[in-house]
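Asks: Have a look at this one before I ask anything.
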């Protein structure tokens with residue numbers, strides 16, 4: 001585990017009035033809540049239609065011959081179902097909008113058989129919701145955050161191998177990360193949570209990291225491995241790479257083979273795409289990680305901003321291709337808002353951060369991917385948030 005003593009502290013920004021910052025954000029939140037309505041749902045439906053159109057066009061051409069266009073279209077459809085639909089609906093963004101069908105709320109989305117329709121992917125929806133919505137969002141940048149990049153990458157960062165091989169390893173994970181990282185990690189975390197609840201123990205942060213080996217979840221001889229195979233690997237693997245290509249057999253074996261090749265290519269592309277828009281959000285030598293838990297909502301607000309980065313924002317098409325993860329700061333401040341609300345909140349949040357001296361990091365996705373890669377290989381390191389702590393900032 002990396003500690004603050006392992007590196008020199010980053011230059012501290014001017015003192016921050018946590019309470020004033022929180023009051024302004026709370027006032028903005030009340031405005032955003034009051035504006036929620038059917039237009040937010042229609043906006044989400046439009047984004048959903050874009051994703052469906054990509055998937056439909058991708059498979060409509062996938063049987064012709066292996067080609068990058070079909071791969072990219074199928075890939076983009078998969079990205080949209082996860083990053084836009086599953087992500088925001090799972091955060092209950094539509095739960096408070098009147099008249100929204102239950103399948104677009106957290107109560108119905110991807111539940112039971114609807115998983116095959118709403119969000120068919122390697123990850124189990126229940127595992128994702130616990131890992132992401134609970135642990136990652138409310139412990140961002142802490143060791144209890146299961147997505148703390150610098151901590152998770154410690155074996156690679158510390159490895160005594162050439163830097164080029166480290167970057168090669170990063171490339172491998174970028175092309176496979178949904179099945180090599182997210183699906184197994186979220187499933188193990190959910191299993192820890194179930195075991196803890198069965199023991200009637202508190203302490204949700206203990207779910208984030210455990211003593212069991214990473215490869216155990218892939219071992220079908222173990223109970224957790226059998227559960228992972230039966231609920232994650234086999235359903236998606238067979239559905240995506242066996243059943244769907246087989247549906248094109250009436251068009252001939254070459255058509256089915258083309259669909260299979262395009263499906264494999266699309267899987268690699270959607271891994272790469274989502275890796276590039278998701279993982280850099282909380283990694284870089286200009287972002288903070290934290291020791292200990294937050295004391296109150298005001299400190300949580302400051303941490304969420306200082307530990308997150310936005311990409312360039314504005315315009316539905318650009319935001320769609322970023323999976324709306326270019327509004328990461330706003331999303332971490334207000335996780336349960338729909339995409340349209342983030343578009344409207346972003347300039348206001350940026351102004352408030354400038355007003356109160358809270359670091360607000362924003363840049364192109366390409367610059368953030370570079371910063372992420374440097375963190376992963378150990379070339380650079382995260383800042384420690386000691387200087388942002390209210391204890392260290394108490395005014396005389």
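Conditions tested, residue by residue: (1) touching a helix residue (DSSP H, G or I) at 6+ places or on another chain (Cβ under 9 Å); (2) within 23 Å of residue 286 (Cβ to Cβ); (3) modelled with pLDDT under 95; (4) buried (at least 19 other Cβ atoms within 10 Å of the Cβ).
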{"residue": "308", "(1), (2), (3), (4)": "yes, yes, no, yes"}
{"residue": "311", "(1), (2), (3), (4)": "yes, yes, no, yes"}
{"residue": "316", "(1), (2), (3), (4)": "yes, no, no, no"}
{"residue": "323", "(1), (2), (3), (4)": "yes, yes, no, yes"}
{"residue": "328", "(1), (2), (3), (4)": "yes, yes, no, yes"}
{"residue": "333", "(1), (2), (3), (4)": "yes, yes, no, yes"}
{"residue": "339", "(1), (2), (3), (4)": "yes, no, no, yes"}
{"residue": "344", "(1), (2), (3), (4)": "yes, no, no, no"}
{"residue": "347", "(1), (2), (3), (4)": "no, yes, no, no"}
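Asks: If I filter region 203-219 down to residues being exposed (fewer than 15 other Cβ atoms within 10 Å of the Cβ) and over 18 Å from residue 152 (Cα atoms), which single residue comes out as modelled with the highest pLDDT?
Replies: 219
Asks: Of everything in region 53-68, what is touching a helix residue (DSSP H, G or I) at 6+ places or on another chain (Cβ under 7 Å) and either free of Cβ contacts under 8 Å to residues at least 60 places away in the same chain or crowded, with 23+ Cβ neighbours inside 10 Å (or both)? Give them in sequence order.
Replies: 54, 55, 57, 58, 61, 62
Asks: For residues in region 100-130 being out of contact with any helix residue (DSSP H, G or I) (no Cβ under 9 Å at 6 or more places or on another chain) and either crowded, with 19+ Cβ neighbours inside 10 Å or in a helix (DSSP H, G or I) (or both), which is modelled with the highest pLDDT?
Replies: Among those residues, the one meeting the criterion is 102.
Asks: Quick check: anything in region 285-307 under 13 Å from the mean Cα position of the chain (by Cα), assigned to a loop (DSSP other than H, G, I, E, B) and more than 22 Å from residue 71 (Cα to Cα)?
Replies: Within region 285-307 (the criterion being under 13 Å from the mean Cα position of the chain (by Cα), assigned to a loop (DSSP other than H, G, I, E, B) and more than 22 Å from residue 71 (Cα to Cα)), the answer is no, since none of the residues qualifies.
Asks: Go through 373, 354, 345 for me and flag whichever is assigned by TED's automatic domain parsing to the domain that holds residue 332, assigned to a helix (DSSP H, G or I) and free of Cβ contacts under 8 Å to residues at least 60 places away in the same chain.
Replies: 354
Asks: Now for a separate question. Let me confirm something: among 140, 76, 61, 56, which residue is in a loop (DSSP other than H, G, I, E, B) and either closer than 22 Å to residue 271 by Cα or at pLDDT 95 or above (or both)?
Replies: 140 is the lone residue from the list that is in a loop (DSSP other than H, G, I, E, B) and either closer than 22 Å to residue 271 by Cα or at pLDDT 95 or above (or both).
Asks: Taking residue 161 as meeting all but one of (1) in a helix (DSSP H, G or I); (2) out of contact with any helix residue (DSSP H, G or I) (no Cβ under 7 Å at 6 or more places or on another chain), write down the number of the exception.
Replies: (1)
Asks: Being surrounded by fewer than 19 Cβ atoms within 10 Å (Cβ to Cβ) and under 30 Å from residue 38 (Cα atoms) is the filter here, so list the residues in region 349-361 that pass it.
Replies: 350, 351
The values are calculated or read from the model by the stated rules, or taken from the named source; none is laboratory data. In this text, all values refer to a predicted model and were calculated from it rather than measured experimentally. Because the Cβ atoms are built from the backbone with ideal geometry, glycine has one as well, and the counts that use them run over all protein chains shown.
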